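Have a look at the structure below, then the notes.
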2 protein chains.
Amino acid sequence: MIAVDWGSSSLRGYRLDQHGATLEQRSSARGILHCDGNYADVLAGLVDGWPDSTILLSGMIGSRNGWIEQAYLPCPAGLADLAAALQLHHDARLPGRDLWFVPGVAVQGAGGTPDVMRGEETQLFGLDTRAGHAHVCLPGTHSKWATLHDGAITGFATAMTGEVFALLRQHSLLGRLMDDGDGFDAIAFAQGVQRSGDAGGLLHHLFGVRALGLFERLAPSAAPSYLSGLLLGHEIRDLAAPGAEVHLVGNTTLTTRYAHALKVLDRTPVDAPESLAARGLYRLARQRGLLG
Amino acid sequence: MIAVDWGSSSLRGYRLDQHGATLEQRSSARGILHCDGNYADVLAGLVDGWPDSTILLSGMIGSRNGWIEQAYLPCPAGLADLAAALQLHHDARLPGRDLWFVPGVAVQGAGGTPDVMRGEETQLFGLDTRAGHAHVCLPGTHSKWATLHDGAITGFATAMTGEVFALLRQHSLLGRLMDDGDGFDAIAFAQGVQRSGDAGGLLHHLFGVRALGLFERLAPSAAPSYLSGLLLGHEIRDLAAPGAEVHLVGNTTLTTRYAHALKVLDRTPVDAPESLAARGLYRLARQRGLLG
């Protein structure tokens with residue numbers, strides 16, 4: 001089978017054997033924002049030369065702005081629920097291929113406000129967690145914090161941490177006080193994480209970045225790390241209980257930073273393996289009986 | 001005397017009589033960001049034809065990026081402290097004028113993180129509060145929340161609420177889901193204020209603006225009001241205790257919105273009069289004995 005993890009800014013394809021092992025992997029920057037709507041052609045290029053008929057696709061490709069919009073399943077959402085809801089499509093430009101789209105997952109959060117994920121549900125099904133409850137964080141532009149119970153997604157919350165950091169860095173008064181570099185200052189980062197626990201709230205703590213700079217207590221080179229720590233500190237305090245064990249899923253630069261912040265705040269980070277999307281798609285295909 | 005309230009984006013001058021009543025008022029957009037450093041010339045133009053020798057100046061004109069940098073006095077800071085710290089300057093382009101600059105005020109907040117104000121201290125001295133404690137909010141790009149005791153500034157905190165709103169509106173994913181108009185939707189605003197009390201924190205609640213839109217539970221025309229309410233709700237919960245009486249100082253559009261949010265959250269708004277800066281500068285001049 002072929003597993004396709006198709007997000008907003010990237011596209012990854014995996015050719016998997018009958019046991020889910022990766023035979024070959026291909027990736028490109030042809031996320032849905034960079035396809036001009038020619039999804040079938042882009043996919044045909046990705047899988048060219050791979051003879052498998054079964055293709056599973058997850059991620060923003062199934063969003064309203066993607067190829068074929070898929071529903072959101074409600075929580076709790078287990079592997080069997082998602083597998084049963086896979087949608088089969090055929091396309092003339094992909095003869096002999098069965099395209100199976102994975103739905104997203106939605107939840108009614110606190111106060112009835114909804115939340116959604118699309119793509120992360122598949123990564124969560126790729127994760128090996130013990131029976132019982134597990135907490136998972138997928139850091140990113142919009143971080144997802146999910147709770148699993150016996151492998152089913154029972155709830156989750158999205159935090160706009162990465163986007164807010166980028167906005168403040170690029171467009172705010174605070175950004176103008178910072179050096180351009182991407183260097184990581186571990187001490188300033190930890191100070192920012194700690195600061196998140198003080199009285200006054202995030203909107204007040206943000207101004208502290210400026211005030212510390214004014215009194216030369218925070219160097220322009222250290223300020224981005226401090227700001228990052230401040231935002232992650234707020235996110236973690238709000239979305240993970242003290243003492244919690246948190247599985248971290250994502251690229252190493254981000255998960256390393258989150259692990260650091262979790263430790264400062266007495267939560268326990270647990271590393272997750274790479275390529276969870278491929279493994280999740282394999283499990284969905286097997287559950288649905290698509291692997292012969 | 002002449003009172004000059006000189007901020008980043010605006011300049012206001014008041015000619016006051018011996019009792020502090022305004023004889024004449026002038027204003028322009030020549031804030032310190034729009035003076036090209038020609039402060040003396042801009043001031044000479046502002047006060048042209050006003051014969052008074054005593055000029056008091058407050059606001060960002062005394063900042064590092066302004067004309068002559070003034071110190072920050074520590075809290076508690078009373079009228080007598082500020083009056084004693086007024087700095088006298090003369091300038092050849094302003095013959096016969098005594099220029100008195102008002103210092104800023106600084107505080108060591110929670111965890112030792114500093115905070116600063118420059119200009120707002122003068123407005124606070126213009127306010128008539130009863131003896132004992134008073135809470136004051138000066139909403140804006142960077143809102144100030146101050147505590148007074150018998151008229152002295154005992155502490156304060158700045159929240160970047162206005163700037164964060166503008167960033168999200170102009171540059172974020174959320175902004176792209178909103179209509180351009182500035183219409184105020186009181187129901188959506190109150191929903192945002194209420195939402196700020198749910199679990200998950202601000203970074204999570206921000207994503208809810210997107211999710212509500214996705215399920216067509218928040219119209220593009222109502223989303224800016226909801227976002228505004230969400231941010232003000234967080235600011236108020238973090239910086240004013242339930243039941244508190246909060247004096248609101250600033251332009252009516254903003255103070256009306258804050259009053260609305262305060263009421264939703266069981267705090268009591270109290271209107272403040274206009275032109276507090278002029279009154280504060282008058283009181284500082286009188287305290288210093290500059291009025292003959």
Mind counting the residues in region A:260-292 that are aliphatic (A, V, I, L, M), under 28 Å from B:Gly197 (Cα atoms) and part of a helix (DSSP H, G or I)? 3
Sort out which residues of region B:119-138 are under 20 Å from A:Arg210 (Cα atoms) and open to solvent by 20 Å² or more (accessible area, probe 1.4 Å), and write them in order of number. B:Glu120
Of everything in region A:99-133, what is modelled with pLDDT of 95 or more and small (Gly, Ala, Ser)? Give them in sequence order. A:Gly104, A:Ala106, A:Gly119, A:Gly126
Taking the condition in contact with an Asp or Glu (Cβ under 6 Å, 6 or more places away or on another chain), in a helix (DSSP H, G or I), within 12 Å of another protein chain (Cβ to nearest Cβ) and crowded, with 16+ Cβ neighbours inside 10 Å, does A:Leu168 pass? no
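Among strands (runs of 3 or more DSSP E) lying entirely in region A:1-96, which contain 2 or more residues that are of a type outside the set (Asp, Glu) and open to solvent by less than 30 Å² (accessible area, probe 1.4 Å)? Explain how you work it out, then say what you get.
On the way: elements: A:2-6, A:11-16, A:22-28, A:54-58, A:72-74, A:87-89.
So the answer is A:2-6, A:11-16, A:54-58.
Just for region A:132-165: of the residues that are touching a strand residue (DSSP E or B) at 6+ places or on another chain (Cβ under 9 Å) and not in a strand (DSSP E or B), which one is farthest from A:Ala71 (Cα to Cα)?
If we take residues in region A:132-165 being touching a strand residue (DSSP E or B) at 6+ places or on another chain (Cβ under 9 Å) and not in a strand (DSSP E or B), then A:Gly132 is farthest from A:Ala71 (Cα to Cα).
Quick grid of which residues meet (1) open to solvent by less than 40 Å² (accessible area, probe 1.4 Å); (2) on the phi > 0 side of the Ramachandran plot; (3) more than 7 Å from every other protein chain (Cβ to nearest Cβ):
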| position | (1), (2), (3) |
| --- | --- |
| B:Asp180 | no, no, yes |
| B:Phe184 | no, no, yes |
| B:Val193 | yes, no, yes |
| B:Asp198 | no, no, no |
| B:His205 | yes, no, yes |
| B:Leu212 | yes, no, no |
| B:Leu218 | yes, no, yes |
| B:Pro224 | yes, no, yes |
| B:His234 | yes, no, no |
Across region A:171-189, the tally of residues that are assigned to a helix (DSSP H, G or I) and either over 20 Å from B:Met160 (Cα atoms) or hydroxyl-bearing (Ser, Thr, Tyr) (or both) stands at 4
Kindly check whether there is at least one residue in region B:110-119 that is more than 9 Å from chain A (Cβ to nearest Cβ), over 21 Å from B:Pro269 (Cβ atoms) and touching a residue at least 40 places away in the same chain (Cβ under 8 Å). yes
Do the conditions hold for A:Thr141, that is, is it closer than 30 Å to A:His205 by Cβ, open to solvent by 20 Å² or more (accessible area, probe 1.4 Å) and among the hydroxyl-bearing types (Ser, Thr, Tyr)? yes
Could you check region B:112-130 and list, in sequence order, the residues that are in contact with a helix residue (DSSP H, G or I) (Cβ under 6 Å, 6 or more places away or on another chain), not in a loop (DSSP other than H, G, I, E, B) and not aromatic (Phe, Trp, Tyr)? B:Pro114, B:Asp115, B:Val116, B:Thr122, B:Gln123, B:Gly126
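Right, B:Gly151: more than 11 Å from chain A (Cβ to nearest Cβ), modelled with pLDDT under 95 and in contact with a helix residue (DSSP H, G or I) (Cβ under 7 Å, 6 or more places away or on another chain) or not?
yes
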Within region B:243-255, can one find any residue that is assigned to a helix (DSSP H, G or I), modelled with pLDDT of 95 or more and within 14 Å of chain A (Cβ to nearest Cβ)? no
Among the candidates B:Thr158, B:Thr129, residue that is of a type in the set (Val, Ile, Thr), more than 8 Å from chain A (Cβ to nearest Cβ) and within 27 Å of B:Pro103 (Cα to Cα): B:Thr129
Restricting region B:97-109 to residues that are more than 14 Å from every other protein chain (Cβ to nearest Cβ) and open to solvent by 10 Å² or more (accessible area, probe 1.4 Å), the residue that is nearest to A:Leu212 (Cα to Cα): B:Trp100
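The values are calculated or read from the model by the stated rules, or taken from the named source; none is laboratory data. Remember, it's a predicted structure, so these values are computed and weren't measured experimentally. Counting neighbours? That spans all protein chains shown, and the Cβs are built from the backbone with ideal geometry, glycine included. These accessible areas exclude ligands, DNA and RNA; they are computed on the full protein's heavy atoms, side chains included. Shrake-Rupley method; radii C 1.70, N 1.55, O 1.52, S 1.80 Å.
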